[in-house]
Amino acid sequence: MEHKEVSEVLEVPPRYPNFEQTAVKKFWDALEEGRLITTKCQKCGKIEFPPKIICTSCYSDEIEWIELPKKGRIYSFAEMNVVPRGFSPPITVAVVELENGVRLFSHVIDASFEELKLGDEVEVDFQEMSWFDYKKHTYFVFRKGKSE
Ligand SMILES: [Zn+2]
């Protein structure tokens, strides 16, 4: 099957986050430094991901930034054959449950669908990506690490 880039079939300019003006710019800045952070409500203790400026549980705006654990386990995973620009198919994507219960979705960079199973331990890593804005930035990914 012939693979076409999204830009070859899609004329509508894609939207992407404005990293400079977002209220959670801190999150994007931390990624550039190889740190994964999010917000925690100081009133009720709820940890949000993605980060929020207001707690979705008690609506308090008293939030603090916390660092997320780097280790977690595969909660769910899939193989994607239709992929965003900048990726070559197939890619493996997963929902990972971190050690503190927060679940994240991203790309598993070093394991195929066949090499993964539910409950596998993975680690958060960081990779420079170029999405639709043609400007590179860092995003979090998962790495299984191979035992040799
Ligand atoms: Zn709260």
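Do any GluC sites (Glu not before Pro) in region 34-133 lie in a DSSP loop with no more than 16 other beta carbon atoms within 10 Å, and if so, which?
Values: sites: 48, 62, 64, 67, 79, 97, 99, 114, 115, 121, 123, 128; in loops: 62, 99.
Taking region 34-133 and a limit of 16 other Cβ atoms within 10 Å, the loop GluC sites (Glu not before Pro) found are 62, 99.
So for the pair residue 118, residue 78, with labels modelled 7 Å out along Cα→Cβ, what separation do we get in nm?
1.6
Work out from phi, with θ = phi - 60° and the Karplus expression 6.51 cos²θ - 1.76 cosθ + 1.60, the ³J(HN,Hα) of each residue of region 67-82, listed in order in whole Hz, and give x for Gly and Pro.
8, 8, x, 8, 10, x, 10, 5, 9, 6, 8, 7, 9, 10, 9, 10
Add +1 for every Lys or Arg and -1 for every Asp or Glu among the other residues with Cβ under 12 Å from the Cβ of residue 60, and state the total.
0
For region 22-82, report the translational diffusion coefficient in µm²/s to the nearest whole number, using Stokes-Einstein at 25 °C, 0.890 mPa s, and a Kirkwood Rh over Cα pairs.
188
Quick check: net charge around residue 43, other residues with Cβ under 12 Å of its Cβ, Lys/Arg +1 and Asp/Glu -1?
Local net charge: -1.
Explain nothing, just compute: Karplus ³J(HN,Hα) = 6.51 cos²θ - 1.76 cosθ + 1.60, θ = phi - 60°, for every residue of region 97-111 in order, whole Hz, x for Gly and Pro.
9, 6, 4, 9, x, 6, 9, 10, 10, 6, 9, 8, 7, 10, 9
Bear in mind these aren't lab numbers, they're just calculated from the coordinates by the rules spelled out. Predicted model only: the values in this text are computed from it and were never measured. Cβ: placed from backbone, ideal geometry, glycine included. Neighbour counts: every protein chain shown.
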